[in-house]
Amino acid sequence: MILNTSFPLIEIINDPRAFYRSTRSGYGHIYFTFGLLIKLLFLISLYLFKSKFIRIFVFIVSCFLLSMMGSKSQILNMFLIYLLYLYFIDKKSYNLKSSLSIMAALGVFLLILYFYLQESNFPPIIKFLNIFDYFENFLLLYHNLDELYLGILTIETNLYSIIPRIIYPEKPIYFGTFILGQEILPHQTYQNQGAPSFSFFGRAYADFGILASVNFIISGCISGYVIGALSKHRTIYSFIIILGFAYNPIFTFGTDGFVVEIFNIVLAFMLYVAASTIQLLFSRESPNSSRLY
């Protein structure tokens with residue numbers, strides 16, 4: 001009801017991309033909350049149902065609901081959640097040659113379909129990259145960046161974002177990636193409408209330029225170590241944290257940095273407490289009830 005009041009449902013169905021772009025200028029709470037609920041319900045369904053038919057059905061329905069938001073990344077996140085779940089939890093192995101062949105065939109098909117539907121005269125690679133909002137935003141960043149920030153954005157994003165304003169009232173309003181929005185899209189930023197995200201890659205480039213690759217390597221090593229440690233525990237709670245460090249978090253809210261991992265750890269803990277409480281209540285009635293952990 002709240003969603004239909006803020007943005008009529010019929011308009012979302014008719015033009016999901018318009019709804020997605022609206023989330024970047026005032027509707028973020030709907031976009032991120034809806035995405036969180038759909039992905040969380042899908043993840044729980046993977047634990048509750050072992051039938052491939054039911055899992056695929058829930059996956060298709062979930063992707064359809066996410067497509068109503070007009071975001072390609074949300075659907076890609078669902079696909080990666082499914083693959084990572086099969087690998088880390090079900091411990092399914094993939095044939096590298098077959099997997100790459102299937103992905104390449106699917107990619108070629110989608111490219112041909114997209115190029116066929118495109119009417120612009122841009123070169124094929126530009127037409128393809130332009131379907132990604134991050135590419136569009138990165139071009140804005142590339143053409144408007146006067147000088148590198150030399151790590152300031154990365155430090156502020158990972159430091160200020162985890163400090164509650166009630167503890168540090170003097171915390172700047174614009175810090176980290178928000179400084180890019182203030183510089184490149186000042187109108188949206190000052191109107192508190194939410195500037196488009198420049199992503200982790202855009203922030204790293206604004207900090208270090210072409211040396212951002214070093215930042216990616218360090219972040220990848222840290223994430224790999226944490227994922228390796230958590231992969232020994234096949235629970236829904238550890239898997240939520242794994243997704244956060246695999247740059248495919250269940251809980252997203254338009255920013256990056258340590259705060260995303262922290263919020264997903266909190267989400268996993270809250271789910272654990274809720275499941276433990278429900279399990280305790282039901283165990284009094286049915287000693288043979290199943291467990292999520």
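Points worth noting:
- Matching option when the condition is touching a residue at least 24 places away in the same chain (Cβ under 8 Å) and outside any loop (DSSP other than H, G, I, E, B), among Ser197, Ser219, Ser213, Ser238: Ser238
- Within the set Phe208, Phe216, Phe198, the sole residue that is open to solvent by 30 Å² or more (accessible area, probe 1.4 Å) and at pLDDT below 85 turns out to be Phe216.
- Phe59 satisfies every condition listed in (1) of a type in the set (Phe, Trp, Tyr); (2) at pLDDT below 85; (3) part of a helix (DSSP H, G or I) except (2).
- Odd one out for Val266, checked against (1) within 10 Å of the chain's Cα centre (by Cα); (2) in a helix (DSSP H, G or I): (1)
- So Leu41, is it modelled with pLDDT of 80 or more and on the phi < 0 side of the Ramachandran plot: yes
- Residue in the range 281-288 that is surrounded by 12 or more Cβ atoms within 10 Å (Cβ to Cβ), at pLDDT below 80 and of a type outside the set (Val, Ile, Thr) present: yes
- Of the residues making up the range 59-79, those that are within 26 Å of Ala274 (Cα to Cα) and touching a Leu at 6+ places or on another chain (Cβ under 8 Å) are Ser62, Gln74, Met78.
- Of the residues screened, Leu66 is not one that is at pLDDT 75 or above, touching a Lys or Arg at 6+ places or on another chain (Cβ under 6 Å) and open to solvent by less than 60 Å² (accessible area, probe 1.4 Å).
- The range 230-262: number of residues that are over 19 Å from Leu83 (Cα atoms) and open to solvent by 40 Å² or more (accessible area, probe 1.4 Å): 5
The values are calculated or read from the model by the stated rules, or taken from the named source; none is laboratory data. Source: prediction; values computed, not measured. So basically every Cβ, Gly included, is an ideal-geometry build from the backbone, and we count neighbours across all protein chains shown. For the accessible areas, the whole protein counts, side chains as well, though only heavy atoms, and no ligand, DNA or RNA atoms are used. Shrake-Rupley method; radii C 1.70, N 1.55, O 1.52, S 1.80 Å.
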